[in-house]
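Written out below as structure tokens is the structure these notes cover.
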Amino acid sequence: MSNSNRYVYGIVNSGDIEFETDAVAGADRVYTVSHRRLGAVVSNIDTTDPEETDEDATRHDDVLREIMDYDGGRTIVPMQFGMAFESDRTLKNVLRGARPAFRRAMNDIEGRIELGLKLVTQEDATVDPDEIEAAVEDELESIVAQTVTNDQFSDRLVLNKSYLVDEDDRAAFDDGVARIEDTYGDDLLVQYTGPFAPYSFVDVEIGAQSR
């Protein structure tokens, strides 16, 4: 099958990005397809409907991290897994149509990263969720730009949030999480993850993949 389709990781401001890596669906190179001042960071793929395997989902996230670190650091509006288009022309039409939305998203996340925090009750521990949430807010809310509350998928899950943080404030956020762990570590398992491209703070519809 042809590899003429383009799998999209995210959107950056103009400027070529190109590097070799383990990309989605066995591709080994990532590069940009540009339209005016926007660039879609892509790799070649033989379908417009890729299967989301664990391996490729990890590759998608890893490529986004490489882009974030590229050439001293780049801001990227991340796409969820599975955005693939049948040609450069189709992709450029999408960039043209969604340009205002991408610009707004870029402004919102410029110089920022996503960090995740889950607090899980240790077995046999008893905690006051309201007290803990208030303590976390005291530690972190003044540092972060935005916060999203994620699903409470377990009775033992006390807190599950994503935070949009200025890169310059990352150390202060780390310190805040460390203080939370020092205070509640006997009763709570602290799961601190990231940095990620800010998926939770971007909501851009970019149309049907196969048109």
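The values are calculated or read from the model by the stated rules, or taken from the named source; none is laboratory data. Note that this is a predicted model, so its numbers are computed, not measured. So basically every Cβ, Gly included, is an ideal-geometry build from the backbone, and we count neighbours across all protein chains shown. Just so you know, the surface numbers come from the protein's heavy atoms only, side chains and all, with ligands and any DNA or RNA stripped out. Shrake-Rupley method; radii C 1.70, N 1.55, O 1.52, S 1.80 Å.
Things worth noting here:
- Subset of the stretch 13-31 that is under 23 Å from GLY111 (Cβ atoms) and modelled with pLDDT of 95 or more - its residue that is least open to solvent (accessible area, probe 1.4 Å): VAL30
- Qualifying residue in the stretch 197-205 (condition: within 18 Å of the chain's Cα centre (by Cα), assigned to a strand (DSSP E or B) and within 19 Å of ILE76 (Cα to Cα)): no
- Answer from VAL144, VAL158 - the residue that is surrounded by 17 or more Cβ atoms within 10 Å (Cβ to Cβ), in contact with a strand residue (DSSP E or B) (Cβ under 9 Å, 6 or more places away or on another chain), outside any loop (DSSP other than H, G, I, E, B) and not assigned by the TED database to the domain that holds SER87: VAL158
- Of the criteria (1) in contact with a Lys or Arg (Cβ under 6 Å, 6 or more places away or on another chain); (2) open to solvent by less than 50 Å² (accessible area, probe 1.4 Å), which one GLN191 fails: (2)
- Residues of the stretch 161-189 that turn out to be under 18 Å from the mean Cα position of the chain (by Cα) and of a type in the set (S, T, N, Q), as a count: 1
- Selection of the stretch 39-50 for residues being surrounded by 22 or more Cβ atoms within 10 Å (Cβ to Cβ) and either modelled with pLDDT under 90 or among the hydroxyl-bearing types (Ser, Thr, Tyr) (or both) yields only SER43.
- Selection count where residues are outside any helix (DSSP H, G or I) and either open to solvent by 20 Å² or more (accessible area, probe 1.4 Å) or modelled with pLDDT of 95 or more (or both), scope the stretch 51-76: 6
- Residue check, ARG112 more than 19 Å from ARG59 (Cα to Cα), in contact with a strand residue (DSSP E or B) (Cβ under 7 Å, 6 or more places away or on another chain) and either of a type in the set (Lys, Arg) or modelled with pLDDT of 90 or more (or both): yes
- For beta carbons closer than 6 Å, sequence separation of 6+ or different chains, a first residue in the stretch 185-199 that is under 20 Å from LEU164 (Cβ atoms) and a second that is not in a strand (DSSP E or B), the qualifying pairs are VAL190/GLU181; TYR192/VAL177; ALA197/LEU64; ALA197/ILE76; PRO198/ILE109.
- If only residues of the stretch 154-178 that are farther than 12 Å from ILE143 by Cβ and among the small types (Gly, Ala, Ser) are counted, the one that is modelled with the lowest pLDDT is SER154.
- Residue tally, condition basic (Lys, Arg) and within 18 Å of ALA145 (Cβ to Cβ), over the stretch 159-193: 2
- Filtered residue count, the stretch 100-132, keeping only those that are out of contact with any Pro (no Cβ under 7 Å at 6 or more places or on another chain) and either assigned to a strand (DSSP E or B) or open to solvent by less than 80 Å² (accessible area, probe 1.4 Å) (or both): 20
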